[in-house]
Amino acid sequence: MTIDSNSQDCRQTLAVAFKALSEEAVKAGWPEGDVALALAELAEEYVAEVGAKAIIEGFNQFQLYAASDRLKF
């Protein structure tokens, strides 16, 4: 898998915020392992949410395309 420049820029920007968030949670007293697991779970939920959204939008576009043959204005 290759990462294009825009994705790399996005990753670098998020890495800074991610590190700050992690450090802040550890400073607040949360064990580092708990912080890592919580962030991983949140990331997994976000990926699932975005993936579901893409599937639904793709399905809706497919339905509109299929219906466009039947609908003549």
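Below are the figures for this structure:
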{"quantity": "Counted charge near LYS27, where neighbours are those whose Cβ lies closer than 14 Å (Asp, Glu -1; Lys, Arg +1)", "calculated": "-3"}
{"quantity": "Segment ASN6-ILE56, extension gain: residue separation times 0.36 nm, minus the distance between their alpha carbons", "calculated": "15.5 nm"}
{"quantity": "Pair LEU14, ALA40: separation of 7 Å Cα→Cβ label points (nm)", "calculated": "1.7 nm"}
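Values in this text are rule-based calculations from the coordinates and carry no lab data. Keep in mind it's a predicted model, so treat the numbers as computed, not measured. Methodologically, a virtual Cβ is constructed for each residue, glycine included, from the backbone with ideal geometry; neighbour enumeration extends over all protein chains shown.
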